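Report on the following structure.
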Amino acid sequence: MQGLIRRMYNVDRRVIYAILLLAMALPMFFTLGLPINIDTYVEAAYNVVNELPEGSVIWIGCEYSASQIAEIKPMLQAFARLALQKGHYIYIGSAFADGCTTAHNWLQGVFAETGAVNGENYVIFGYRPSFNSTMEAVRSSVVEAMSDRDHYGNKLSDKPIMKHFEKASDIDLVIVFDSGSPGSDDYIAVWRSQGEVNLMICGATGVELPNQLVKYDAGLLQGVVGGMNGAAQLEKLVGVPGSATKGMDSQGLAHLTIIAFMVIGNIGYLLAKKQDKKVS
């Protein structure tokens, strides 16, 4: 018994690391569904998309780089899935070199799942390096602003989806994924401040979340999703757990494992100390 007590607070660190690694890895293969609390600003973002009239025009600004995959990918997939399920039309653009390429790669499963057809339910405009000049041009004609070409080199004017979106004032909602600049500030300055767009929500990396919440509180954004935690909340609201839910499960189980070792170690230490007093 005495030996067991001492082992409780003197566990080999290699055993701790091995168990911790296992606790972090398991949720990546099996979704545990640990409790997730929904923040008001995440629920607000979900409600904006969910409550739009069917057939609304949604601009998705993929203003991020591929390195933000853990945070941005799940929220992009969740928003696109929700929008397509509700019968909206989505138009994807980016001033980041890899924004539209990653959107194409990350959304193929969502397009297949929802039965979305390129040119009918969605279009990917492709990379446009000059943000301000492109967005200003969209105020007059999106086809001309995009040089009548999509991400794949096909003519935009031939796509049925473009009859719903001729210029910026046709946009019902902007969803901008913000990792820096250009980001939501630029969309607000170019479109919202000019009166073209009234509804705007933001999906941000964790470090950008405080900046976006200031705009949400000021009424410039109608909803915000931030970091992996926010993405997991959005997945819960949409009803399709994804990589963010697995990531939060992994973090949660790792925290529980660390707490368990701390409790066991302290109990073992106190019991051993009590036994030592008895012996002395």
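The values are calculated or read from the model by the stated rules, or taken from the named source; none is laboratory data. Fair warning: this is a prediction, and the values are worked out from it, not measured in the lab. Using ideal geometry, Cβ is built from the backbone for each residue, glycine included, and neighbour counts are taken over all protein chains shown. All accessible areas refer to the heavy atoms of the entire protein, side chains included, with ligands and DNA or RNA removed. Shrake-Rupley method; radii C 1.70, N 1.55, O 1.52, S 1.80 Å.
Apart from one condition, residue 120 fits all of (1) in a helix (DSSP H, G or I); (2) open to solvent by 50 Å² or more (accessible area, probe 1.4 Å); (3) in contact with a Pro (Cβ under 9 Å, 6 or more places away or on another chain); the exception is (1). For first residues located in the stretch 223-239 and in the same structural domain as residue 198 (by TED's automatic domain parsing), partners that are crowded, with 24+ Cβ neighbours inside 10 Å and in a strand (DSSP E or B) and lie 6+ apart or on another chain with Cβ distances below 7 Å form the pairs 223/201; 224/201; 224/202; 224/204; 225/203; 226/204; 231/225; 234/225. Of all the listed residues (109, 55, 61), the sole one being part of a loop (DSSP other than H, G, I, E, B) and not aromatic (Phe, Trp, Tyr) is 55. Taking the stretch 81-95 as the range and being farther than 14 Å from residue 59 by Cα and among the polar types (S, T, N, Q) as the test, only 85 passes.
For residue 136, indicate whether it is at pLDDT below 90, surrounded by fewer than 18 Cβ atoms within 10 Å (Cβ to Cβ) and either among the charged types (D, E, K, R) or out of contact with any strand residue (DSSP E or B) (no Cβ under 8 Å at 6 or more places or on another chain) (or both). Full working, then the answer.
Values: at pLDDT below 90: yes; surrounded by fewer than 18 Cβ atoms within 10 Å (Cβ to Cβ): yes; either among the charged types (D, E, K, R) or out of contact with any strand residue (DSSP E or B) (no Cβ under 8 Å at 6 or more places or on another chain) (or both): yes.
Answer is yes for this residue.
At positive phi, open to solvent by 10 Å² or more (accessible area, probe 1.4 Å) and in the same structural domain as residue 229 (by TED's automatic domain parsing): is that true of residue 55 in this structure? Give the derivation first.
Details: at positive phi: yes; open to solvent by 10 Å² or more (accessible area, probe 1.4 Å): yes; in the same structural domain as residue 229 (by TED's automatic domain parsing): yes.
Against the criterion (at positive phi, open to solvent by 10 Å² or more (accessible area, probe 1.4 Å) and in the same structural domain as residue 229 (by TED's automatic domain parsing)), residue 55 qualifies.
Highlighted here are the helices (runs of 4 or more DSSP H) found entirely within the stretch 175-280 that include at least 1 residues which are among the basic types (Lys, Arg) and open to solvent by 40 Å² or more (accessible area, probe 1.4 Å): 227-238, 243-279. Of all the residues in the stretch 32-52, those that are of a type in the set (S, T, N, Q), open to solvent by 60 Å² or more (accessible area, probe 1.4 Å) and not in a loop (DSSP other than H, G, I, E, B) number 1.
Could you tell me whether any residue of the stretch 161-170 is open to solvent by less than 70 Å² (accessible area, probe 1.4 Å) and on the phi > 0 side of the Ramachandran plot? There is no residue in the stretch 161-170 that is open to solvent by less than 70 Å² (accessible area, probe 1.4 Å) and on the phi > 0 side of the Ramachandran plot.
For residue 74, the stated conditions do not hold, so it cannot be described as part of a loop (DSSP other than H, G, I, E, B) and either in the same structural domain as residue 162 (by TED's automatic domain parsing) or over 17 Å from residue 142 (Cβ atoms) (or both).
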